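Working notes, beginning with the structure itself.
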Amino acid sequence: MFSLIVLQMLASSVLSAPGSEFVSWFETVKMKNETIRLSYKPYENTWDQYKKEYGKSYLETEVDELRYTIFVSNLKLIEEHNARYVMGEESYYVGINQFADMTEKEFSEMLGLAVQNDTEVNAECSSYLPAENVVVPDAIDWRQKGFVTPVKNQGHCGSCWAFSTTGSLEGQYFRKTKTLVSLSEQQLVDCSGKFGNDGCDGGMMSNAFAYIKYFGGLESGQDYHYVGKEQTCTASKSKVVATCLGCAYVKKGSESSLKSAVGEVGPVSVAIYAGPKFIRYQGAGEQDGVRTDILGWPETKATSAGLPTWEYIL
């Protein structure tokens with residue numbers, strides 16, 4: 001069961017914050033028990049620390065200088081955004097991650113994002129209908145119930161769609177067998193091209209599910225391990241671990257339908273519009289149209305205006 005709807009999250013309001021004259025005085029500010037970085041100067045030192053932490057090495061001086069220029073540009077955007085956060089003009093803060101020396105265009109190309117139009121809905125997927133009298137819990141986290149494998153890294157291959165596919169199928173496999181197995185994203189990257197996917201250059205979960213159903217299943221990640229680049233398909237039906245009989249779309253634009261699906265069946269594959277500045281979101285690295293899984297949600301909160309705030313666990 002999965003959804004391909006675009007999510008728009010409503011973030012809760014931040015604490016009342018000081019004016020810009022306060023922000024300019026400090027390198028960091030403590031808010032909500034979190035330290036917000038407002039300045040990364042001197043940039044040269046931050047650049048050296050960044051390369052060391054993330055194992056970046058540019059042997060050619062011209063390349064290093066280019067990456068440094070991009071890095072500094074991103075740092076300034078981070079500083080500006082966090083200053084607005086402290087002043088109450090943004091609902092979240094951002095920080096450095098491993099993509100901070102890439103342009104937005106490079107990052108988007110690295111992920112390999114494919115966009116599905118309304119006219120491209122895969123006929124293999126039906127429509128999700130919740131079970132009668134289904135009771136949606138106030139909070140759920142499928143990680144705590146054993147449905148979710150450890151965090152994986154797609155590297156510099158645009159295969160987020162493959163990881164989203166395996167994430168939801170791993171959950172359903174656990175639901176049926178009570179055994180958690182990491183499934184092969186590499187098999188999807190290598191083998192689902194005839195179903196409309198494009199390896200490291202992007203794809204859709206619906207196409208991936210159609211391939212899995214046609215082929216008869218997926219191998220484990222241990223047998224068909226991930227290398228982060230497209231190769232010749234070597235999938236073997238004799239090594240299949242998990243099968244897929246079908247998939248279903250959650251009603252477009254219906255957050256209640258999505259919540260019902262996640263609460264009833266487990267992790268759900270989604271496509272999220274996160275916006276280009278999320279390349280600078282510390283520890284995340286989402287971008288326009290990124291594919292991932294919803295794993296649950298905490299108890300519903302309310303904004304200062306009394307409006308509900310939906311927070312999903314990704």
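The values are calculated or read from the model by the stated rules, or taken from the named source; none is laboratory data. In this text, all values refer to a predicted model and were calculated from it rather than measured experimentally. In this analysis, Cβ positions are derived from the backbone assuming ideal geometry, glycine residues included, and neighbour counts consider all displayed protein chains. These accessible areas exclude ligands, DNA and RNA; they are computed on the full protein's heavy atoms, side chains included. Shrake-Rupley method; radii C 1.70, N 1.55, O 1.52, S 1.80 Å.
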Next on the checklist: of a type in the set (Val, Ile, Thr), at negative phi, without any contact (Cβ under 8 Å) to a residue 12 or more places away in the chain and open to solvent by less than 70 Å² (accessible area, probe 1.4 Å): is that true of THR177 in this structure?
Outcome noted: yes
Next on the checklist: Which residue is modelled with the lowest pLDDT, if the candidates are limited to the range 217-247 and must be open to solvent by less than 50 Å² (accessible area, probe 1.4 Å) and within 20 Å of ASP198 (Cα to Cα)?
Outcome noted: GLY228
Checklist entry - When the residues of the range 241-260 are filtered to those that are in a loop (DSSP other than H, G, I, E, B) and of a type in the set (Gly, Ala, Ser), which remaining residue is nearest to GLU185 (Cα to Cα)? => result GLY246
Checklist outcome for this item: Of the conditions (1) farther than 24 Å from GLY263 by Cα; (2) assigned to a loop (DSSP other than H, G, I, E, B), the single one that VAL151 does not satisfy is (1)
Checklist outcome for this item: In the range 79-107, anything among the acidic types (Asp, Glu), under 25 Å from ASN153 (Cβ atoms) and open to solvent by 50 Å² or more (accessible area, probe 1.4 Å) is listed as GLU104, GLU106
Checklist outcome for this item: Note on the range 52-78: residues over 28 Å from LYS30 (Cβ atoms), open to solvent by less than 70 Å² (accessible area, probe 1.4 Å), part of a helix (DSSP H, G or I) and not aliphatic (A, V, I, L, M) are ASP64, ARG67, TYR68
Checklist outcome for this item: Quick count over the range 258-273, residues being of a type in the set (Gly, Ala, Ser), at pLDDT below 90 and either touching a Pro at 6+ places or on another chain (Cβ under 9 Å) or surrounded by fewer than 22 Cβ atoms within 10 Å (Cβ to Cβ) (or both), is 0
